[in-house]
Every structure is written in structure tokens, then in C-alpha cells.
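To start, the structure itself, in C-alpha cells.
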């Protein structure tokens, strides 16, 4: 079943308005959830929407809260998220980073006590649409095993890097786990093994079996020791600069709320667009279809869904209609 | 055979002075090469020194050149490296980023036409020693295969993230290839397989066999498609903002010279040190020895070599004595 973008957005907005959101914030969050589904990221679009509404009803997300600037120095600012919706907080912070970059060349905004930003790529596309380089990252609840350890004690801490481009922005949106638990669950449902090891079994051996990884909850970071170090540094950097909650503290709290995030924007000079095209040509040479740049398939899904409508999970869609 | 730090540094300096370096730059580069060996990174210390001297003699590195500021706007600056030594250019750029961060909260310096910075971690430690968060990255010659491709068309583009810490700075220094070719060569010499797949064989299959990877020159990025995307974005970001040479252009030139780099420093507030210790405690819980934070073993090697001297490859050391 396909639903067009406007219907999706309006339905999300209707539900948010019933759950304590003001008009502007309901509009913004509804649009973002609809965009995430439109871009093919259903896990952080339609399929996530009921979970988000539940978090609002449970008080983990405060729809009436607004982020507040608590400290700053020229191009660097610190914000308190007051547990407002992660989407509106993140859009606000990237906007702020862009304003700072307009003034200082680069802008950097840290926010603590914010909430899950859903699809990190959203804020990369936001920066790129404004003509700025965007970099952002967040910490999460512990779901990845540190190299040498036996329990999940690191977050999958997604990292986003976006570079504007006339033919389609280049947007990397990458968690540091090899596979998300959502993806591992998909393989389990299809009764298939993962293409590559994605975590550990009870014996501490790497495995491609999704059932065993779900049992142990021990997902593998990308590049073994390398992703383990990268995940740790993202959390350390966020905590050191935001003063906010680390992966350990979030995990101790029992639910993924009150996370810490960073948003960086950099002003671009003009005149280097041809050099970027050269990079893509060189990387794809001989394999123009097989080698894809980050953001390439997002754009093709977006274009496809603009005409054909957005495919939705009918059960979840009906649940939302009844919210 | 062990050599003490001062002897190492003095010997490097003697050779550099004979090869067109002024006193200050010879001192700086000699110290950095000696520090790299002292910290256990021989591949970018003593063992690399003769290769570096050769590059100077061949004119790939110009010892008399100085970096030049060509553009800038408050916290963001662009520099031209004029093919000066990568070490002195990089130290200069991180110093500049720190100055900008002192003034604006964050500072960001791009440099083009610079040279190999040897150990990237050097500039992370530099920022951390000054009390600043440091982030830097460089592009390289193509040595990694893009996901979906069959030839090396991406660099291993090292990324450094450093956070100051009283008990020992946390410094991640990570190339996006799973193993460097230096490391793969070590396994070949020992006639051992890699612990994990590190590249492709002639049939395009992933392999742990170092001989086969050296044959194809097709190294694997960390996390398969993820590291592939990350490597590309590092190159795109560097090229878009520095206007410098991309991995493709460097590769076309046939030698790893004239690369592009970025140096970011961020000013730290005080008062979050205890939160960072909490993160390390949580991550290491139950496995204090097995789980190590990035920079931990560097520091223990450094301390060990401070008393016992720095182990050197005798053949290479004798070569240097005769340079």
C-alpha cells in the first residue's frame, strides 16, 4: 500500500497536535517523520512514529519544552535540550550552527538532555540544502561491545557528514555498529544469516546468525577495534564538551532519553564543485552502478516516491490512523 | 638494540640539516620522528625516516618552503602548503587551529599541497597537550577498494580525535582501512594469516591471506560499505573546502605528495573531567586490562621507552648513521 507525502505528514501532525505539540513543532516533526519514510528510512519514519508517540505519552519526550542556550563563545555554543523532541531540537541546533558558520566560517553547537533525533541524515541534508558542509553526531544507549569486552558498553553513536552538491548532496549517515538491531531482526524474520559477522554468540565467537546476536545483545562495531575506539571517542567528545549524559549514564537510566549531540556547519567557498565531481568519477570508474556515493540511493528513492507514493506497512499505518 | 630519545633526535636533526632544513624545522621534524618511535609507531618514526629523506632529495618535499595563509574568515582558514614537510606544516596548522579556538571557541584550518604527516596522532596529542579537543584528517594515495568496486580508488584517509585527560589523553588515530599495507606485510613476513579479512584475492573474494592482498593491492575498508563511505566523505570534504588535490589526483600523480588536510581545535570548558572518567570506567567494567582506550598503550610504551630506551631496527639505524 502506498500513501502520498502530504497525507502522511498531515496524519502525523494530527496525532502530534492531540499529544501536546504546538502547531509549529507538530508541523516540523510531522514533516521530518514523513521525509524519513519518503527517503526510504521507514525505521525512523512511519514505523517509528507510534514508538515516538508512546515516548511522548510516557513523559520521556516533552513536546512543550524548548532548547535553551546555556553557554557560548563566538562560534561555539552549548544548549540544554530540556528533553524536548529530538527532531525539533536537532533542526534548531543545525540551524544555529549554520548561522554561526555564516558569521565565523564554522559553527559548532553542543546540546545535552535532548532526545533521539530519528534519522541523523535529516540534519546533514538540512545543512547541505542551506549550502553548508554539515557534520553531526549523537550518543545512544549501549548496544555495541567494546573490543576486548563481553557486554554492550558502547553506543552505536551515529555520525553524519554532508557535502552540498548540485547533482545531489553527498550525505553519509553511519552508525558505528556493523548492523543495527533493526537490521539483525530483519534477517531473523527472513530466517537468513547476515552477509558478514555482526556480533557475538554465547561462546564469545563472532557470528553471522541473527538469532544468536539477539540472544547476547552483543553487536559488533565496524572494523572491530577501530569502530570500538571511534564509538568511545564520540561519546567522550560529546560528554566532555556538552557536560551531558554519556552512553553509560543513558544506559543506567534504562531508556534512550536525554542524549548528547553535536552539530557542526562549515561555510563553503565556491569553485570546488568540479573537483568533487572528479572524485565521484574516479571512485565509480568502471563500476558506475555498483559503486554508489552516500546519499545516492536516498535521492533515487525520494524521486521514486514523489511520483508513486510512499510504501507503508499497512498494519502500522492503520494503527496511526487510530491514534 | 635500544637508543635513547636524545640520540635519536640528534641523529635525525643532523641528517635533516645536511638536506636543506633550517635549524628550527630540522629540530621540529627530528623531534617528531623521534617521538613517533618513542611512542611505538616505528612505521612513522625511525623506519620511515630514510624514506622521508629520499622524498626530500627527490624534491617531493621542499624543506625550505613555508605554509601560507591564502584565505580565511574568523574561525576558518585556508592555507597553501607549498609542499613543505608534512610534519612542520601539520604542527603549524594545529597550532593555528588552537589559536583560533582560543579566540572563537572552535578553529578550523584546511591546508592543500602539503605532505604526508607521518603519524596523525602527533597532532591529536599536540592539541590535547594544549588542553584542547583536536580533530584532524588527511587524504592519501588510493589504497582501499570502494564497496562494489574492484580497484583501489579510495585512500585510507586517517582520522584523529583527541580529548585531553589528566590521567593520559584519549587519542584515536585511525586509518579507514582494516589493516595498513605495512601491517599486511608484517603478516606476510611472519607467514601468518590476518586475524580478520583485510582485502580481496584475484577472484574478488575477501581473504585473510596477506600474499593475496599484496598481489591485488585491494585492501578492505573498515565495516565494508561503511568505511568505504567514510573514506569518500573525508576526501570530498577535504577537497571541497581546501580546493586541494583529491585521492584520485594524488594517485594520478604517482606518488603520495601534495595531499589535503584539515585541523580542528575546540576549546574545552572545565568541570567535565569526572564524566569522562565515568565513561572509561563503564566501558572497561569487568575487563580493565582487555578493554583499552585509544592512546592507553601509546602512553605505556612512551613511559617504558623513557627509561629503557627506544628499540630500533639495527639495519635501518646504521643506514641513518651513514646518511
Counting only residues in segment B:271-294 that are more than 7 Å from chain A (Cβ to nearest Cβ) and not in a loop (DSSP other than H, G, I, E, B), the one surrounded by the fewest Cβ atoms within 10 Å (Cβ to Cβ) is identified as B:274
The condition from (1) touching a helix residue (DSSP H, G or I) at 6+ places or on another chain (Cβ under 7 Å); (2) closer than 19 Å to residue B:218 by Cβ; (3) modelled with pLDDT of 95 or more that residue B:126 misses is numbered (2)
Only one of (1) part of a helix (DSSP H, G or I); (2) surrounded by fewer than 19 Cβ atoms within 10 Å (Cβ to Cβ) does not apply to residue B:66, and that is (1)
Residue set A:70, A:141, A:135; condition facing chain B (nearest Cβ under 9 Å) and at pLDDT 95 or above; output residue A:135
If we ask which residues in segment A:1-33 are in contact (Cβ under 8 Å) with a residue 40 or more places away in the chain and farther than 16 Å from residue A:89 by Cβ, their number turns out to be 11
- Task: Please indicate, with yes or no, whether at least one residue in segment A:278-300 is under 20 Å from the mean Cα position of the chain (by Cα) and under 20 Å from residue A:48 (Cα atoms).
- Result: yes
Exercise. Go through the residues of segment B:253-262 one by one and say whether even a single one is in contact with a strand residue (DSSP E or B) (Cβ under 8 Å, 6 or more places away or on another chain), surrounded by fewer than 24 Cβ atoms within 10 Å (Cβ to Cβ) and under 25 Å from residue A:173 (Cβ atoms).
Key: yes
Taking segment B:221-242 and keeping residues more than 7 Å from chain A (Cβ to nearest Cβ) and either more than 11 Å from residue B:146 (Cβ to Cβ) or surrounded by fewer than 24 Cβ atoms within 10 Å (Cβ to Cβ) (or both) leaves B:225, B:234, B:238, B:242
**Asked** Any chance segment B:158-172 includes a residue that's more than 9 Å from chain A (Cβ to nearest Cβ), at pLDDT below 95, crowded, with 22+ Cβ neighbours inside 10 Å and closer than 15 Å to residue B:220 by Cα?
**Response** no
Of those in segment B:183-196 that are under 20 Å from residue B:223 (Cα atoms) and at pLDDT below 95, the residue surrounded by the most Cβ atoms within 10 Å (Cβ to Cβ) is B:184
Of the residues in segment B:207-220, those that are at pLDDT below 95, out of contact with any helix residue (DSSP H, G or I) (no Cβ under 7 Å at 6 or more places or on another chain) and surrounded by fewer than 21 Cβ atoms within 10 Å (Cβ to Cβ) come to B:215, B:216, B:217
Across (1) touching a strand residue (DSSP E or B) at 6+ places or on another chain (Cβ under 8 Å); (2) at the interface with another protein chain (Cβ under 7 Å from one of its Cβ atoms), residue B:245 clears everything bar (2)
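Only one of A:268, A:261 is at pLDDT 95 or above and either within 13 Å of chain B (Cβ to nearest Cβ) or part of a strand (DSSP E or B) (or both); which?
A:261
The values are calculated or read from the model by the stated rules, or taken from the named source; none is laboratory data. Model, not experiment: these values are computed from the prediction. Quick reminder, even Gly has a Cβ in these numbers, built from the backbone with ideal geometry, and neighbours come from all protein chains shown.
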